[in-house]
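Scroll down for the structure; my scribbles are underneath it.
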Amino acid sequence: MGFIGAIKRFSRLRVIIELLIREGFDDVIGRLHFNTPMHFGEKLNIKSKKELHGSTAERLRIVLEEAGGAFVKLGQMLSLRSDLIPQEYCDEFSKLQDSVKPFPMYQVRKIIQEEFGKPINKIFDEFDETPIAAASVGQVHKAKLKTGEVVAVKVQRPDIKKIFEADIDLMDFIAEEAEKYWPDFKIFKPKELVKQFRDYTIKEMDYQTEAKNIDIFYNHYKYHSHIKIPKVYWDCTTKRILTMEYIDGRKISVIDDLGVEQKKKIAMLVYKSMLTQVLEMRIFHADPHPGNIFWTKDAKVALLDFGIVGRLSPDINSKKIYLKLGQNSKEVH
């Protein structure tokens, strides 16, 4: 890392430390030896809020949310890892799936112009300026193509690749310091966790890669009566723009009005679909949080957002996995 890069990293580190201290995590900063002249040339003199509100999990979620960038994505990933962190933290971090602020429309227009070499109204007949979803990497707008199809257009955040790369470098540094000064923290393998996070997340920065992933699942499920995958419109897709079929539905986290049998049906569809992906397709949706699974108006489970997928190597024996799960391959449809 060059001199300018080092300055930027420590400037960003200072922002994170300020957030941690203000939310009452002074002890964490002390244990990591960050509140010293070694890092900033002066001892930080930042005070916690006089009155701290909320649980430890809630205050840590606020830190991740206000830090933005890859830290929001890290929180989203951890929300699915009850094997690593307590369920209370998983539940709190799951709020990060819906709380990412959108970026303004003028930047959306600029990115579309840069990607296609022509203005937005030359590509889309209609384009809703209010996003229907905003995530850490990009946001989604409902639109209509010149040919009449209603589509969902995912637009990548400005400079997000550089932001994520810098943030993950910083996470790696923090993980290294944690392993050095906080021995008890080693059981969580922070450096390995950051490495896995880097491997998965950087792949999300290229929407053409995601589009290829979608095509694999679309071709597998296009004749399925209960699973829906959006179609990709390749003529309107680039590394930073992904245009796909608009799917009208709601997140499976907001289906409280459905009956017990209907909920069981949805759970079984998701369960069998994941088994099919792992044991037959050998490629699977690796980010299956509620924001990426919809229940459609025509009673189908729709799988969305294939920026992160997992693949099984050829040496993994599917039969052994079936036996371990107590499943028979004939049960998976």
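Of all residue pairs spaced 6 or more apart or on separate chains, those with beta-carbon atoms under 7 Å, a first member in segment 288-299 that is small (Gly, Ala, Ser) and a second member that is surrounded by fewer than 19 Cβ atoms within 10 Å (Cβ to Cβ) are 291/98; 291/251.
Regarding segment 208-220, can at least one residue be identified that is in contact with a Lys or Arg (Cβ under 7 Å, 6 or more places away or on another chain), crowded, with 21+ Cβ neighbours inside 10 Å, in a helix (DSSP H, G or I) and aromatic (Phe, Trp, Tyr)? Show your work before the answer.
The initial filter retains those residues of segment 208-220 that are in contact with a Lys or Arg (Cβ under 7 Å, 6 or more places away or on another chain), namely 208-209, 218.
Still in the list and also crowded, with 21+ Cβ neighbours inside 10 Å: none.
No, the conditions are met nowhere in segment 208-220.
Of the numbered criteria (1) loosely packed, with under 13 Cβ neighbours inside 10 Å; (2) farther than 23 Å from residue 307 by Cα; (3) modelled with pLDDT of 85 or more, the one residue 43 fails is (3). Taken over segment 180-228, residues that are within 24 Å of residue 29 (Cβ to Cβ), among the acidic types (Asp, Glu) and touching a helix residue (DSSP H, G or I) at 6+ places or on another chain (Cβ under 9 Å) amount to 1. Looking at segment 226-233, is at least one residue basic (Lys, Arg), in contact (Cβ under 8 Å) with a residue 40 or more places away in the chain and surrounded by 15 or more Cβ atoms within 10 Å (Cβ to Cβ)? Yes, some residue in segment 226-233 is basic (Lys, Arg), in contact (Cβ under 8 Å) with a residue 40 or more places away in the chain and surrounded by 15 or more Cβ atoms within 10 Å (Cβ to Cβ). Residues in segment 144-169 that are polar (S, T, N, Q) and either at pLDDT below 95 or more than 16 Å from residue 307 (Cβ to Cβ) (or both): 1 in all. Counting residues in segment 87-95 that are under 24 Å from the mean Cα position of the chain (by Cα), farther than 28 Å from residue 250 by Cβ and not charged (D, E, K, R) gives zero.
Does residue 196 satisfy the criteria of being in the same structural domain as residue 127 (by TED's automatic domain parsing), out of contact with any Gly (no Cβ under 9 Å at 6 or more places or on another chain) and either part of a helix (DSSP H, G or I) or in contact (Cβ under 8 Å) with a residue 60 or more places away in the chain (or both)? The answer is no for residue 196.
The values are calculated or read from the model by the stated rules, or taken from the named source; none is laboratory data. Not measured: the values here are computed from a predicted model. Neighbour counts run over all protein chains shown; Cβ positions are idealised from the backbone, glycine included.
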